[in-house]
Amino acid sequence: MANKKAKMIVEKDFKVSEVDKRIYGSFVEHLGRCVYGGIYEPGHPEADENGFRKDVAQLVRELNVPLVRYPGGNFVSGYNWEDGVGPKENRPRRLELAWRTIETNEIGTNEFADWAKLVGAEVNMAVNLGTRGVDAARNLVEYCNHPSGTYYSDLRISHGYKEPHKIKTWCLGNEMDGPWQIGAKTATEYGRLANEAAKVMKLVDPSIELVACGSSSRTMPTFADWEATVLDHTYHNVEYISLHQYYGNRSNDIANYLASSLEMDDFIKSVISIADYIKSKKRSKKTINLSFDEWNVWYHSNDADRKIEPWSIAPPQLEDIYNFEDALLVGSMLITLLKNADRVKIACMAQLVNVIAPIMTENGGPAWKQTIFYPFMHTSTFGRGVVLNPIVSSPKYDSKDFTDVPVLDTTAVYNEENEELTIFAVNRDLEDTLLLEADIRNFDGYRVLEHIVLENDDLKQVNTATNQAVAPHTGGDAKNDNGHVTASLPKLSWNVIRLKKQ
Ligand code: AHR
């Protein structure tokens, strides 16, 4: 029996924005078993002729990932891209200082571009602004994007890649505010360098789009000043400012944990206001958008990682095993990105395989889906079109760090081309089913295609290679009676209500 109610009015003309498909991006770093033993494992029964695992590629395709950030992350700040191109037998083994491993350089720019093509994604390439700078960055753009007839484009051709990779989106370094970052910088040092790199990279290829590094998280002491200073320097030469944020249920407080997406929303709103402050200061007509290019849950593996011996190849680093409650928060984080689709144009779940990832592999064994795989797959698949701005009234609760947390976290996406309306919803209530009443007034003739539900009695339930204990079912009871949709949202559940015109 549902004893709580929430209402929403969904209007076709109340629009947030068209969804930029790149908000369903992901991230592959040379870290742990993400590349080696993740996307690439020559000798594995599922490996193709290039060593890429076909089972992993298939799961990536199921996730519908349109963009993948590469090659880091902290890794990129010590990386020489030249190490990873050309004949494999000549590629150096290096001490990888960000994660204290050995990098074999078996996979580099060209192999990764091949893999991205295989899974139907674009590459979002990061350049090293830690140990390197303008020169290495402009050479990499020339290597990747210039057609032919120059040193670096001809070098690429000599490496077997006649066609340029045409990489459109580039990150100007990674987390350059973080004291842990190789070559960390002050905001002024980074702002100057990023602007010069941006200017020169665009001289090589004016069609590229650039992401300047924002803060590594909202909790950084330099947050806000960092964004303002960096954008003051780079405003005319970049298109996006980055955000990174990870959450964890460290104090085992589920009500508070599930409210973390409100903090994510505040973070987004703060960065928008800083970007717009610099816009006003410069009297500019240009708007800087947001690239939330690292987000996820990350805390389960912290203790295990402290025990890893340095200087091994592809050790099991950052291998968070996600439980059911993590999938609920990830669902809310995706809803938050959608609600801000007017300014968040790129977002990358960090990461894709094995490293804080929706997809796991066993070396030599199967690939499998973590709990967080499902909300990502659902939003990426059905959350294409225009994000609507429904009017929602929901019961609320207070938690340790938040007040007025709506029990119902929801948004709706209208795909005009397919004549589909999808409502995404998390019921944050710990005890009760929530009866949702959605007035979809001007969606005449729409019927419920399916109501997908992810629920579980055990918040700590995880999936394994042999047991998909947390997996969605389509037994939700949503129905539409003349524009009046009702649905029972089980306590602590992720819901996808799909409607289509008859
Ligand atoms: O995604 C894992 C790491 O988190 C990345 O390398 C870094 O950018 C962030 O601190």
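A few comments on the model shown:
- Qualifying positions in the range 1-56 - under 23 Å from the mean Cα position of the chain (by Cα), small (Gly, Ala, Ser) and more than 22 Å from Ile356 (Cα to Cα): Ser17
- Any hit, the range 274-284, residues being in contact with a strand residue (DSSP E or B) (Cβ under 7 Å, 6 or more places away or on another chain) and not in a helix (DSSP H, G or I): no
- Gly331 meets all of the listed conditions (1) in a helix (DSSP H, G or I); (2) in contact (Cβ under 8 Å) with a residue 40 or more places away in the chain; (3) surrounded by fewer than 23 Cβ atoms within 10 Å (Cβ to Cβ) but one, namely (3).
- Criterion applied to Val60, Val68 was being in a helix (DSSP H, G or I) and either more than 30 Å from Asp154 (Cβ to Cβ) or within 20 Å of the chain's Cα centre (by Cα) (or both), and the one residue passing it is Val60.
- Some residue of the range 389-406 being at negative phi, touching a residue at least 60 places away in the same chain (Cβ under 8 Å) and within 19 Å of the chain's Cα centre (by Cα): no
- The set of residues in the range 262-285 being under 15 Å from Leu337 (Cα atoms) and touching an Asp or Glu at 6+ places or on another chain (Cβ under 7 Å) consists of Val271 alone.
- Test: residue in the range 346-361 that is away from the ligand (no atom under 16 Å from the Cβ) and surrounded by fewer than 24 Cβ atoms within 10 Å (Cβ to Cβ): no
- Of the candidates Glu419, Glu450, the single residue that is on the phi > 0 side of the Ramachandran plot and over 22 Å from the mean Cα position of the chain (by Cα) is Glu419.
- Of all the residues in the range 186-227, those that are over 14 Å from Val127 (Cβ atoms) and either in contact with a Gly (Cβ under 9 Å, 6 or more places away or on another chain) or touching a residue at least 24 places away in the same chain (Cβ under 8 Å) (or both) number 18.
- Among the residues of the range 230-253, just one is more than 13 Å from the ligand (Cβ to nearest atom), polar (S, T, N, Q) and buried (at least 21 other Cβ atoms within 10 Å of the Cβ), namely Thr234.
- Residue count, the range 162-190 (criterion: away from the ligand (no atom under 13 Å from the Cβ) and polar (S, T, N, Q)): 3
- Residue, surrounded by the fewest Cβ atoms within 10 Å (Cβ to Cβ), within the range 275-328, restricted to residues that are within 16 Å of the ligand (Cβ to nearest atom) and aromatic (Phe, Trp, Tyr): Tyr299
- The single condition from (1) without any contact (Cβ under 8 Å) to a residue 12 or more places away in the chain; (2) more than 27 Å from the chain's Cα centre (by Cα) that Gln502 fails is (1).
- Of all the numbered requirements in (1) touching a helix residue (DSSP H, G or I) at 6+ places or on another chain (Cβ under 9 Å); (2) acidic (Asp, Glu); (3) closer than 22 Å to Met125 by Cβ, Asp265 misses one, and that requirement is (3).
- Of all residues in the range 104-146 being of a type in the set (Ser, Thr, Tyr) and surrounded by 21 or more Cβ atoms within 10 Å (Cβ to Cβ), the one that is farthest from the ligand (Cβ to nearest atom): Tyr143
- Residue in the range 108-126 that is closer than 21 Å to Ser291 by Cβ and part of a loop (DSSP other than H, G, I, E, B) present: yes
- Scan of the range 25-65 for residues that are more than 16 Å from the ligand (Cβ to nearest atom), aromatic (Phe, Trp, Tyr) and in contact with a Leu (Cβ under 9 Å, 6 or more places away or on another chain), ordered by number: Phe52
- The range 1-45 holds strands (runs of 3 or more DSSP E) entirely within its bounds, and those carrying 1 or more residues that are surrounded by fewer than 22 Cβ atoms within 10 Å (Cβ to Cβ) map to 4-9, 15-18.
- Some residue of the range 332-342 being of a type in the set (Lys, Arg) and farther than 28 Å from Gly43 by Cβ: yes
- The residues of the range 249-280 that are of a type in the set (D, E, K, R) and over 26 Å from Asn174 (Cβ atoms) amount to a single one, Asp253.
- Of the numbered criteria (1) touching a Leu at 6+ places or on another chain (Cβ under 8 Å); (2) within 27 Å of Leu59 (Cβ to Cβ); (3) of a type outside the set (Phe, Trp, Tyr), the one Asn467 fails is (1).
- Residue check, Arg132 more than 30 Å from His378 (Cα to Cα) and touching a Cys at 6+ places or on another chain (Cβ under 8 Å): no
- In this structure, Gly78 does not satisfy being on the phi > 0 side of the Ramachandran plot, crowded, with 16+ Cβ neighbours inside 10 Å and in contact with a strand residue (DSSP E or B) (Cβ under 8 Å, 6 or more places away or on another chain).
- Pair list, Cβ < 8 Å and 6+ apart or interchain, from the range 123-135 residues that are touching a residue at least 60 places away in the same chain (Cβ under 8 Å) to residues that are assigned to a loop (DSSP other than H, G, I, E, B) and of a type in the set (Gly, Ala, Ser): Val127/Gly173; Leu129/Gly173; Leu129/Gly183
- Residues (buried (at least 17 other Cβ atoms within 10 Å of the Cβ), away from the ligand (no atom under 16 Å from the Cβ) and within 18 Å of Asn128 (Cα to Cα)) located in the range 84-103: Gly84, Val85
- Residues of the range 385-425 satisfying the condition of being of a type in the set (Lys, Arg) and in contact with a strand residue (DSSP E or B) (Cβ under 6 Å, 6 or more places away or on another chain): Lys396
No lab work stands behind these numbers, since they all come straight from the coordinates. This one's a predicted model, so the numbers in the text were calculated from it and none came from an experiment. Every residue, glycine as well, gets a Cβ built from its backbone with ideal geometry; the counts of neighbours run over all protein chains shown.
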